[in-house]
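The values are calculated or read from the model by the stated rules, or taken from the named source; none is laboratory data. The structure presented is a predicted model; accordingly, all values stated were derived computationally and were not measured. Cβ coordinates were reconstructed from backbone atoms using ideal geometry, including for glycine residues, and neighbour counts include every protein chain displayed. SASA here: full protein model, heavy atoms, side chains in, ligands and nucleic acids out. Shrake-Rupley method; radii C 1.70, N 1.55, O 1.52, S 1.80 Å.
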Amino acid sequence: MAQNEFKTENESRPALIRAMGRWDLTAVGVNQVIGSGIFIMPATVAATVGIPSSLLPWVAAGMANALIVLCFAEAGTQFREAGGPYAYARTAFGPFIGFEVAWMMWVTRVVAQAALANAFALYVGRFWAPATEGSGRLLVVTLLLGGLAAINLAGVRYGSLAINFFTISKLAPLALFLGVGIFFIEPGNFEGMFELSGGTGTFGAAVLMLMFTFGGYELITIPASEARSPRRDAPRALLLTIGVVFVIYFLVQLVAVGTLPALDTSDTPLADAAEVFGGSAFGVLIALGGLLSIAGSNAGSMLTGPRLTFALSDNGQLPGFFAHVNGRYRTPDVSILIYLGVAVALAYSGTFVQLATLSVVARIMFYMTTCAAIPVLRRRFEAPDDAFKLPGGMLIPGLALIVCIMILVNASAADIKGGGIALLIGAVFYLMAGVRRAATK
């Protein structure tokens with residue numbers, strides 16, 4: 001068996017510089033995962049599980065993602081080139097499945113973009129009440145997404161500068177929230193914290209939504225062609241990322257539960273909790289931090305999302321118009337505008353919770369493909385000397401697949417249908433691109 005080297009379809013391009021180390025990749029992962037969800041989800045999960053004090057959904061979601069991360073860690077050791085889940089699926093199951101995985105990654109990003117825009121509107125609502133509903137919400141969503149699209153149309157340099165600005169300010173409000181709030185926790189607020197659900201609450205649905213908050217670590221595997229030792233460093237970066245993220249999330253939930261008795265009724269839980277233990281000025285400060293963090297996540301998605309369809313089109317796997325480049329600004333303008341239009345339409349049509357759940361359904365579909373690829377890659381390719389290999393044969397990939405299925409069972413029929421429709425649309429685009437390729441031969 002030969003060692004696998006995933007190759008792109010265009011081998012004439014100069015090779016990328018391998019400069020990223022383990023800690024660089026870990027920083028990418030932590031930055032991608034910790035975004036806006038943590039500023040909203042403590043209240044959403046509390047309301048869904050039916051027990052405001054419950055910490056168990058966070059533990060369950062952390063364990064579920066740990067299993068999936070382990071599968072990504074082994075799959076990633078088979079590749080030194082870029083691609084991530086797309087490369088794993090294409091190598092294991094062929095170009096069509098690989099394309100569908102890449103397509104669902106785009107769907108995940110655009111739906112998450114719409115969900116994040118609604119989360120942004122909720123936090124704007126602390127300062128301007130009309131922002132949370134009706135025409136006010138539409139105005140905020142349009143200005144946010146339209147503004148970020150305009151920045152990215154003007155050039156990738158401006159898009160990356162926007163991300164850098166928001167990234168610098170992302171972790172500061174969480175550090176403040178934890179550093180101050182930990183001293184104001186009321187032990188009485190944790191009554192019932194070990195119960196699975198209460199009343200009409202659903203534990204499984206809460207874990208499903210938390211997959212949105214934990215998602216994003218898969219992006220560590222995409223810049224493999226720019227890492228110094230991807231087979232060694234990517235698995236470690238994945239495991240470090242999920243560990244750091246879990247600790248931060250658990251502590252944030254601990255402080256939120258311990259300081260905000262009415263956690264399950266809050267639209268802006270971290271800001272409300274901060275106001276309880278730190279006064280109105282501190283609440284405003286955390287709310288502003290939440291706005292910056294949510295805007296930063298939106299900026300990152302607006303930069304990376306359109307470039308997925310651009311790359312697929314450039315490789316002949318989507319209709320050619322997705323690869324159009326603006327003559328003046330040298331940006332993928334058609335992909336950006338299509339992405340913007342879909343994101344705005346989704347944001348108008350759904351709430352944060354609805355869109356976050358749909359995004360999770362799309363994400364789990366390519367998580368499952370990566371887990372299922374493990375035994376195929378093991379059979380086809382000889383593991384490199386520095387490879388990370390899971391113990392127990394198929395135990396961990398099998399458990400990860402079972403967990404993914406159990407989580408999907410808690411999705412609504414509408415969300416499952418939405419995921420199926422997205423896959424069908426992707427298949428149509430793939431066939432259209434195939435017809436175009438055949439016509440040009």
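Values for this structure:
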read-out: The range 423-439 residues that are farther than 19 Å from residue 361 by Cβ, paired with ones that are modelled with pLDDT of 60 or more and open to solvent by 40 Å² or more (accessible area, probe 1.4 Å) (beta carbon under 7 Å, 6 or more apart); value: 430/96
read-out: Residue, nearest to residue 187 (Cα to Cα), within the range 243-264, restricted to residues that are open to solvent by 40 Å² or more (accessible area, probe 1.4 Å) and assigned to a loop (DSSP other than H, G, I, E, B); value: 261
read-out: In the range 91-107, the residues that are farther than 15 Å from residue 341 by Cα and touching a Leu at 6+ places or on another chain (Cβ under 9 Å); value: 91, 92, 99, 100, 102, 103, 104, 105
read-out: Options 392, 398; residue that is more than 20 Å from residue 346 (Cβ to Cβ), assigned to a loop (DSSP other than H, G, I, E, B) and of a type outside the set (A, V, I, L, M); value: 392
read-out: Per-region count, the range 311-336, residues out of contact with any Leu (no Cβ under 7 Å at 6 or more places or on another chain), closer than 23 Å to residue 431 by Cβ and of a type in the set (A, V, I, L, M); value: 3
read-out: Only listed residue being open to solvent by less than 60 Å² (accessible area, probe 1.4 Å), of a type in the set (Ser, Thr, Tyr) and either at pLDDT 70 or above or more than 21 Å from the chain's Cα centre (by Cα) (or both), chosen from 217, 158; value: 217
read-out: Criterion (part of a helix (DSSP H, G or I), of a type outside the set (Lys, Arg) and within 18 Å of the chain's Cα centre (by Cα)) met by exactly one of 116, 122; value: 116
read-out: Test: residue in the range 125-137 that is buried (at least 24 other Cβ atoms within 10 Å of the Cβ) and among the hydrophobic types (A, V, I, L, M, F, W, C); value: no
read-out: Residue list for the range 4-57, filter: polar (S, T, N, Q), modelled with pLDDT of 80 or more and open to solvent by 10 Å² or more (accessible area, probe 1.4 Å); value: 44, 48
read-out: Members of the range 338-372 found to be open to solvent by 40 Å² or more (accessible area, probe 1.4 Å) and touching a Lys or Arg at 6+ places or on another chain (Cβ under 9 Å), listed by number; value: 348
read-out: Failed item in (1) touching a Phe, Trp or Tyr at 6+ places or on another chain (Cβ under 6 Å); (2) modelled with pLDDT of 90 or more; (3) buried (at least 21 other Cβ atoms within 10 Å of the Cβ); (4) not hydroxyl-bearing (Ser, Thr, Tyr), with residue 272 passing the rest; value: (1)
read-out: Qualifying residue in the range 67-77 (condition: part of a helix (DSSP H, G or I), open to solvent by less than 10 Å² (accessible area, probe 1.4 Å) and within 28 Å of residue 287 (Cα to Cα)); value: no
read-out: Filter result for residue 304 (more than 19 Å from the chain's Cα centre (by Cα) and touching a residue at least 40 places away in the same chain (Cβ under 8 Å)); value: no
read-out: Some residue of the range 229-242 being modelled with pLDDT of 90 or more and part of a helix (DSSP H, G or I); value: yes
read-out: Selection within the range 275-288 - open to solvent by 20 Å² or more (accessible area, probe 1.4 Å) and in contact with a helix residue (DSSP H, G or I) (Cβ under 8 Å, 6 or more places away or on another chain); value: 275, 276, 277, 278, 282, 284, 285, 288
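Residues are listed down the side, and each one gets a yes or a no for (1) out of contact with any Pro (no Cβ under 9 Å at 6 or more places or on another chain); (2) in a loop (DSSP other than H, G, I, E, B); (3) farther than 20 Å from residue 305 by Cα:
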| site | (1), (2), (3) |
| --- | --- |
| 340 | no, no, no |
| 353 | yes, no, yes |
| 359 | yes, no, no |
| 363 | yes, no, no |
| 367 | no, no, no |
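Listed here are the residues, each with its yes/no results for (1) assigned to a loop (DSSP other than H, G, I, E, B); (2) open to solvent by less than 40 Å² (accessible area, probe 1.4 Å); (3) closer than 16 Å to residue 172 by Cβ; (4) among the basic types (Lys, Arg).
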{"site": "294", "(1), (2), (3), (4)": "no, yes, yes, no"}
{"site": "300", "(1), (2), (3), (4)": "no, yes, no, no"}
{"site": "304", "(1), (2), (3), (4)": "no, no, no, no"}
{"site": "313", "(1), (2), (3), (4)": "no, yes, no, no"}
{"site": "336", "(1), (2), (3), (4)": "no, yes, no, no"}
